[in-house]
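Here is the structure we will look at.
The values are calculated or read from the model by the stated rules, or taken from the named source; none is laboratory data. Computed from a predicted model, the values in this text were never measured in an experiment. Cβ: placed from backbone, ideal geometry, glycine included. Neighbour counts: every protein chain shown.
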């Protein structure tokens, strides 16, 4: 009974951590909002799922104390952040240069769910700082490494995945509920602002590699 209660509490803590880590608006959040307002609701949710899975991977590394993987992430931190920053800059530039007349559901019709999932996963997983965030949050919540118990580790990571996924689904649903109020002119400016924000995120990621 005690073991079941402990697993449930770890799961709930994982859900809260997943929500906390996912909530701040970042590159993936901008992509989700833009894709929802452009009519690709399924693509938006899959995009968020890609980020949620990447978060779960980092949660597993922190929760299971997978030292060798953490060291790999640390060792190749420079290259990962260069890759992630470049990817975000490329996505931002592609969005910004999309002509006004092409900003519609047809524009996103060529993007598959796999592409949406992969792009979000790569953007998130290429930022090793997320690992530090998870380690810090776990410590703050009094969650000790679960390396001695697979069931505890899976409960924690499962909670993170559920919490993060819940956030992205909620964000997509909120955007879906207000999308009818967005005109084509609004969508044009959302397109431009999204592109600038993503360029800013990518630029920050690249600059953070040089300026420490």
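One table, with the values for the structure above:
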read-out: Enumeration of residues in the range 11-30 that are surrounded by fewer than 24 Cβ atoms within 10 Å (Cβ to Cβ) and at pLDDT 80 or above; value: 11, 12, 13, 15, 16, 19, 20, 21, 29, 30
read-out: Exclusive hit being assigned to a helix (DSSP H, G or I), within 22 Å of residue 203 (Cβ to Cβ), in contact with a helix residue (DSSP H, G or I) (Cβ under 9 Å, 6 or more places away or on another chain) and at pLDDT below 80, set 33, 95; value: 95
read-out: Total residues in the range 183-212, condition under 24 Å from residue 40 (Cβ atoms), loosely packed, with under 15 Cβ neighbours inside 10 Å and modelled with pLDDT under 70; value: 5
